[in-house]
1. Mind telling me which of the residues ALA103, ALA115 ends up being more than 14 Å from the ligand (Cβ to nearest atom) and open to solvent by less than 10 Å² (accessible area, probe 1.4 Å)?
2. Considering segment 102-127 alone, what residues qualify as being under 22 Å from LEU316 (Cβ atoms), in a helix (DSSP H, G or I) and under 23 Å from the mean Cα position of the chain (by Cα)?
3. Consider ASP288 against the criteria (1) touching a helix residue (DSSP H, G or I) at 6+ places or on another chain (Cβ under 8 Å); (2) modelled with pLDDT under 95: it satisfies all of them except one. Which criterion is unmet?
4. Name the residues in segment 181-204 that are within 11 Å of the ligand (Cβ to nearest atom), touching a helix residue (DSSP H, G or I) at 6+ places or on another chain (Cβ under 7 Å) and open to solvent by less than 50 Å² (accessible area, probe 1.4 Å), would you?
5. Identify the single condition in (1) within 13 Å of the ligand (Cβ to nearest atom); (2) closer than 30 Å to ILE311 by Cβ; (3) not acidic (Asp, Glu) that ALA56 does not satisfy, given that it satisfies every other one.
6. From (1) touching a residue at least 24 places away in the same chain (Cβ under 8 Å); (2) of a type outside the set (A, V, I, L, M, F, W, C); (3) more than 16 Å from the ligand (Cβ to nearest atom); (4) under 22 Å from LEU207 (Cβ atoms), pick out the condition that doesn't hold for GLY67.
7. If a residue must be over 11 Å from SER340 (Cβ atoms) and away from the ligand (no atom under 16 Å from the Cβ), how many such residues does segment 261-284 contain?
8. Is there any pair with a first residue in segment 86-100 that is in the same structural domain as GLY127 (by TED's automatic domain parsing) and without any contact (Cβ under 8 Å) to a residue 12 or more places away in the chain and a second that is within 9 Å of the ligand (Cβ to nearest atom) and assigned to a strand (DSSP E or B) whose Cβ atoms are under 9 Å apart and which are 6 or more apart or on different chains, and what are they?
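The values are calculated or read from the model by the stated rules, or taken from the named source; none is laboratory data. Nothing here was measured: the structure is a model prediction, and the numbers come from that model. Positions of Cβ are generated from backbone atoms using ideal geometry, with glycine treated the same way; all protein chains shown enter the neighbour counts. Just so you know, the surface numbers come from the protein's heavy atoms only, side chains and all, with ligands and any DNA or RNA stripped out. Shrake-Rupley method; radii C 1.70, N 1.55, O 1.52, S 1.80 Å.
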Amino acid sequence: MSGPEFIPAAKPIIGDEERAAVDAVLRSGMVAQGPEVAAFEREFSEVLLDGRASVAVNSGTSGLHLGLLAAGVGPGDEVIVPSFTFAATANSVALTGATPVFADIEPENFGLDVASVESLITERTAGIMPVHLYGHPANVLALGELAERRGVKLFEDAAQAHGASVDGRRVGTFGAFAMFSLYPTKNMTSGEGGMVSTGDAAVERRLRLLRNQGMERQYENEVVGFNARMTDIHAAIGRVQLTKVDAWTRARQENAAFFDAHLRGVVVPPVAPGAVHVYHQYTIRVLDDRDGFVKALNDEYQIGSGVYYPIPNHRLPSLAHYAPGLELPETEKAALEVVSLPVHPSLTQDDLDRIVTAVNTLAGAGA
Ligand SMILES: *Cc1c(COP(=O)(O)O)cnc(C)c1O
């Protein structure tokens with residue numbers, strides 16, 4: 001007898017339309033950055049950024065790195081980032097030669113804590129880079145006000161937050177630049193890729209130069225740059241996904257609403273007033289034996305889940321030297337307690353019921 005089918009933590013949706021779009025690019029014989037990338041940039045700006053300009057690159061990490069360089073960040077500067085995030089956030093700061101400075105998070109939404117950030121601002125601070133973690137907007141209104149008051153820039157790591165908003169304004173339109181990842185497990189994908197948005201024409205031009213060996217015109221290299229171009233193959237996938245991302249976000253939000261209404265015995269994710277959460281992850285807190293809970297979900301109930309992120313950045317072997325002896329209480333607590341449940345658009349009602357029953361039983365709250 002076979003048991004119930006395994007429910008994966010994430011499931012990229014790639015179908016016939018994406019395959020046909022890739023095939024058309026391959027048949028054209030022109031596969032490097034070209035008209036598909038240009039169209040993808042225009043459409044991304046229209047669909048997700050209320051028209052703010054966007055520049056496509058080959059990964060989200062490249063997008064953060066080039067965004068920081070284009071905004072003028074370099075050696076001697078400090079950029080304040082959360083420690084409770086994927087390492088790419090701080091890596092991108094370190095790659096510019098600047099120093100990542102780790103601030104603590106708000107316990108409710110896992111975004112940068114404004115008071116913690118303010119206590120870390122020095123004369124070297126060039127910018128503050130919140131992460132819209134799990135698809136919930138960080139407190140960009142207060143952080144933006146703080147940045148302006150202290151004369152530093154605001155940058156956004158929006159890797160997980162396509163379509164999220166605060167008071168009706170999209171994330172990705174608050175910072176000097178913002179980055180969206182297009183990795184397969186994100187809310188939409190191009191295979192690999194990243195999109196950088198900016199409202200500053202000078203930053204946009206530097207981004208376009210930096211991704212292409214410093215060239216605007218062929219062989220007239222103006223600055224030392226990278227090859228961080230997106231291919232037309234990837235852009236063709238991204239353009240199809242862009243037509244679906246709003247419907248997928250609604251499906252994520254409906255799945256989250258079902259969990260909110262039915263989960264018992266665990267801390268469900270609150271949504272800040274005025275915020276639209278796009279549920280890249282539906283992240284609960286399990287206050288007692290989180291790791292045992294994750295193992296039982298997997299082994300006894302065939303339900304995948306994720307712990308994002310078990311080791312805070314300031315304790316990683318690669319980054320700990322930036323923050324010797326640092327203690328960030330809310331960050332450390334979150335790293336011990338969080339579990340992200342499947343919330344992706346492919347879940348069926350049966351899957352949702354199974355997840356609720358499993359979580360409530362394991363949390364001792366009954367089915
Ligand atoms: C995925 C992710 C990145 C990096 O994006 P890639 O496209 O994988 O390079 C950066 N920051 C956060 C918060 C992410 O989730």
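1. Being more than 14 Å from the ligand (Cβ to nearest atom) and open to solvent by less than 10 Å² (accessible area, probe 1.4 Å) holds for just one of ALA103, ALA115, which is ALA103.
2. SER116, VAL117
3. Unmet condition: (1).
4. Answer for segment 181-204, where residues must be within 11 Å of the ligand (Cβ to nearest atom), touching a helix residue (DSSP H, G or I) at 6+ places or on another chain (Cβ under 7 Å) and open to solvent by less than 50 Å² (accessible area, probe 1.4 Å): SER181, LEU182, ASN187, THR189, SER190, GLY191, GLY193, GLY194, MET195.
5. Checking ALA56 against (1) within 13 Å of the ligand (Cβ to nearest atom); (2) closer than 30 Å to ILE311 by Cβ; (3) not acidic (Asp, Glu), the one that fails is (2).
6. (3)
7. 15
8. none
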